[in-house]
1. Can you confirm whether LYS560 is in a helix (DSSP H, G or I) and within 21 Å of GLU512 (Cα to Cα)?
2. Might you check whether a residue that is crowded, with 19+ Cβ neighbours inside 10 Å and either among the small types (Gly, Ala, Ser) or in contact with a strand residue (DSSP E or B) (Cβ under 8 Å, 6 or more places away or on another chain) (or both) occurs anywhere in region 369-382?
3. Anything in region 128-176 that is in contact (Cβ under 8 Å) with a residue 40 or more places away in the chain, among the charged types (D, E, K, R) and closer than 28 Å to LEU106 by Cα? List them, or say none.
4. Here are SER529, SER472, SER545: which of them is within 26 Å of LYS579 (Cβ to Cβ), assigned by TED's automatic domain parsing to the domain that holds LEU637 and hydroxyl-bearing (Ser, Thr, Tyr)?
5. Taking the stated definitions as given, is ALA631 assigned by TED's automatic domain parsing to the domain that holds ASN497, in a helix (DSSP H, G or I) and over 18 Å from LEU656 (Cβ atoms)?
6. Mind checking which strands (runs of 3 or more DSSP E) fall wholly inside region 397-487 and carry at least 3 residues that are of a type outside the set (Phe, Trp, Tyr) and within 15 Å of the chain's Cα centre (by Cα)?
7. Does ARG487 qualify as being in contact (Cβ under 8 Å) with a residue 24 or more places away in the chain and surrounded by fewer than 20 Cβ atoms within 10 Å (Cβ to Cβ)?
Amino acid sequence: MSEISLVWQKIQAKNYIYSYEAIEETSVYFYPYESLDDIPLVVKGNPKIAPILASQTAESAAVVAAIYEKEFDDANREYEQIMADYADYPSLCIKVGEAPKMFPELDEIIPPEKSPNVPDWSLEFVNSLKEHDAEAKKGFYPISVEIAAGMVMTTFTIIRQISNEVQALGAYKKILKRKAGAFISTMKMIRAKLSDMEKAETGDTGNVTIVNALSTILSYSDVTSEISAKFEDEINRFKSFDNRYDSSDEARALRRSISTSFYDVYTAAFLKSVTDSDIPIELRMFFMFGFVDEDLAGEKNTEILYNMAKAYVPDPEGNVLTMYEWLLKIYNLEADPSKNEFDQDWPAYLRDQKMNGNINDAQLEAMMNHQKSRLDFEIKNLFALGNRMTFGRVSSFVPVFDQQNVLRPLDMAYLTSPKVNGYFDMIRSIDYSVFCRQALYTNPEAGITQLFYSEDITPYMILLPNVGSRASLWQEIDGKNRRTKARMLISIFNTENTEECMIRLFGEFRWEMCKTEQGVHWNDVTDPSLTSMYCDYLQFFKKNSALSSEVKEKLRTDLKKFSNNYKNVFIADYLAYIKYEANSSPRLNKVAREILFTFCPFSRELREKIGDNPQYTELINHYNARIGNQAKPITNLVNKLRKEEIEVPEVVIKQLEHLQK
């Protein structure tokens, strides 16, 4: 008997779900059953073939698991592509001269989620059974017919669970295509127009041709022949390495050397470009992406980078900037250089240089607004250090674009200003006061001696020219002025879950901004704040009667996981708060939830949505009472001014609207 097929079907129904075709000599046995409870009886009634039945059921489970994983990946890929296109859509419409249409149905789309009905352990379990099938069939299933029957039922249960979720994913994809159908058709039309425009502009009907990009970059930069020869030799050696990211001394030394030469060339090319109205496309790719060599980047990636650089549209709001655009602001005295690794801003650094005798008073004054000196400081600090930091793998960092670092399709990883602004909008729709700073307003003519109001200040998001996995808060304010923009960094090609990267970044900003505002009292619980209350909660959780023993054990594990770093524990909780708690999926304990909601309250729309959730009802009631007390004197002030026919200052109106968010 070469193969045995077991058909579980109700004989009297005469209606079979599957058709079987024997590909070799086969014996077929029919077993009637009325319920799932009959299946173990069938297995136990055939002890000789019981191990085979267990093996075949386990193999079927592994096949179904693989289908589930593929279906989920396909659904997630379709969702991310639609969302990425949706973010790019407005700027693409401008480029082709189309009026953007509204697609409200896309706002209803949610990403696919792996069901808790199919836990990871069950997938790992059936895959391991398949991998070790020979050993199990020989030494485990035959131990007893009860074991074989148990394995049949266990894997059969998993098959049913996974099959249900595969069907759910199929239904999700149908809904996704139905809701996004009009938008997908529109994007196809937009892309076709873009392609026609590019061909018309360039006269190119074939692939993009970039030849000897490194020579073009070096020639344009006008660096010395020594630097030019050195950088060219380094890139050629780097390309020739089979394992150019290994930890050997030679590879590490080469990567460090390339980094030094890269910034020398970048600085020289940048200085020439500021007076050039027609920067070559190779240089634009170099400035935006760190592209230096078409062979190192790969033919397909080179074409993609070419199209991205050519189609790039700056952020009209000026909040999202490429590294090149940011350096232009520094060079043109539109922004002060960022802090260095010792937390010194530009004036503090110059004063320190003077104290150390490196410069005198006259040199200090001359350097304060010296464009080249400011540029060098920014490149040495924010650019060089931030580039390495956002790359994610510090020990293997190299600033040039290399196809080996492309771990995600470039079009999906590419962060444009509409995408980043979309994340700003997303966080405000949940944590509406995340970027707000307290300011003081006075207007004696209107009888306002002192009014504290909240001012929403959108951060700068600087896109570093690398393919990386991290986002970082470089500084929460500029100098000592608390009403200045924060400076945030992220790779222009982000290989991780960008939404989670952004949420962690905004959580880090919350923490650091609170520390800045609180000063020396940032961890003083007698002056309640986000940081002081969180530090107190984490420091004394063992004595907190509001926490169960299970929660305390989890906190002990979390603190160990984050090396007792309170900020990192908070950031992890903030991610859970924004991503899950805001979607009515509880992840936090009672104490953490109360602190977060007190200092990072949900928007009004979300509060109304979760108002009947018992975990938030009391918190929302307290919040409403507190906000009502803050709004009452402002409302009275507005009524008073209107009664006296005095124009209500815009600041007062905006603060009242802010309290009603």
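The values are calculated or read from the model by the stated rules, or taken from the named source; none is laboratory data. A quick note: this is a predicted structure, and the numbers were derived from the prediction, not measured. All Cβ positions, glycine included, derive from the backbone under ideal geometry; neighbour counts span all protein chains shown.
1. On the way: in a helix (DSSP H, G or I): yes; within 21 Å of GLU512 (Cα to Cα): no.
So LYS560 does not fit the description; no.
2. Scanning region 369-382 turns up at least one residue that is crowded, with 19+ Cβ neighbours inside 10 Å and either among the small types (Gly, Ala, Ser) or in contact with a strand residue (DSSP E or B) (Cβ under 8 Å, 6 or more places away or on another chain) (or both).
3. GLU165, LYS173
4. Values: SER472 fails: assigned by TED's automatic domain parsing to the domain that holds LEU637; SER545 fails: within 26 Å of LYS579 (Cβ to Cβ).
Of SER529, SER472, SER545, the one residue that is within 26 Å of LYS579 (Cβ to Cβ), assigned by TED's automatic domain parsing to the domain that holds LEU637 and hydroxyl-bearing (Ser, Thr, Tyr) is SER529.
5. Working: assigned by TED's automatic domain parsing to the domain that holds ASN497: yes; in a helix (DSSP H, G or I): yes; over 18 Å from LEU656 (Cβ atoms): no.
Answer is no for this residue.
6. Details: elements: 436-443, 448-456, 460-468, 471-475.
Qualifying strands (runs of 3 or more DSSP E): 460-468, 471-475.
7. Working: in contact (Cβ under 8 Å) with a residue 24 or more places away in the chain: yes; surrounded by fewer than 20 Cβ atoms within 10 Å (Cβ to Cβ): no.
Answer is no for this residue.
Residues checked against (1) touching a helix residue (DSSP H, G or I) at 6+ places or on another chain (Cβ under 7 Å); (2) at pLDDT 90 or above; (3) not assigned by TED's automatic domain parsing to the domain that holds PHE286:
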| residue | (1), (2), (3) |
| --- | --- |
| TYR220 | yes, yes, no |
| SER248 | no, no, no |
| ARG256 | no, yes, no |
| ASP264 | yes, yes, no |
